[in-house]
């Protein structure tokens, strides 16, 4: 059962790291950075709809 409309807070540092990772992957293979970024967006969407994954650090939930 999916629950909708949870809010995800992506910290500025995390956004920077996502962008750096996408650039790195793209430097290894053209288009791979875009694939990485789309996967990141898909995971974000999943967490927004079903946030009850593993909890770490008391307030952070992760999807592995």
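The values are calculated or read from the model by the stated rules, or taken from the named source; none is laboratory data. All values derive from a computational prediction rather than experimental measurement. A quick note on method: Cβ atoms are made from the backbone with ideal geometry, for glycine too, and the neighbour counts reach across all protein chains shown.
Could we say that residue 25 is in contact with a helix residue (DSSP H, G or I) (Cβ under 6 Å, 6 or more places away or on another chain), surrounded by 12 or more Cβ atoms within 10 Å (Cβ to Cβ) and either assigned to a helix (DSSP H, G or I) or modelled with pLDDT under 80 (or both) here?
For residue 25, the condition - in contact with a helix residue (DSSP H, G or I) (Cβ under 6 Å, 6 or more places away or on another chain), surrounded by 12 or more Cβ atoms within 10 Å (Cβ to Cβ) and either assigned to a helix (DSSP H, G or I) or modelled with pLDDT under 80 (or both) - is met.
Need pairs with beta-carbon distance below 8 Å; first residue more than 16 Å from residue 43 (Cα to Cα) and within segment 8-24, second surrounded by 12 or more Cβ atoms within 10 Å (Cβ to Cβ) and modelled with pLDDT of 95 or more; sequence gap 6+ or separate chains. Short answer, once both residue conditions are applied: 23/33; 24/33. For segment 44-64, a residue qualifies if it is surrounded by 14 or more Cβ atoms within 10 Å (Cβ to Cβ) and at pLDDT 85 or above, and exactly one does: 44. Put simply, of 38, 47 the only residue that is assigned to a helix (DSSP H, G or I) and touching a residue at least 40 places away in the same chain (Cβ under 8 Å) is 47.
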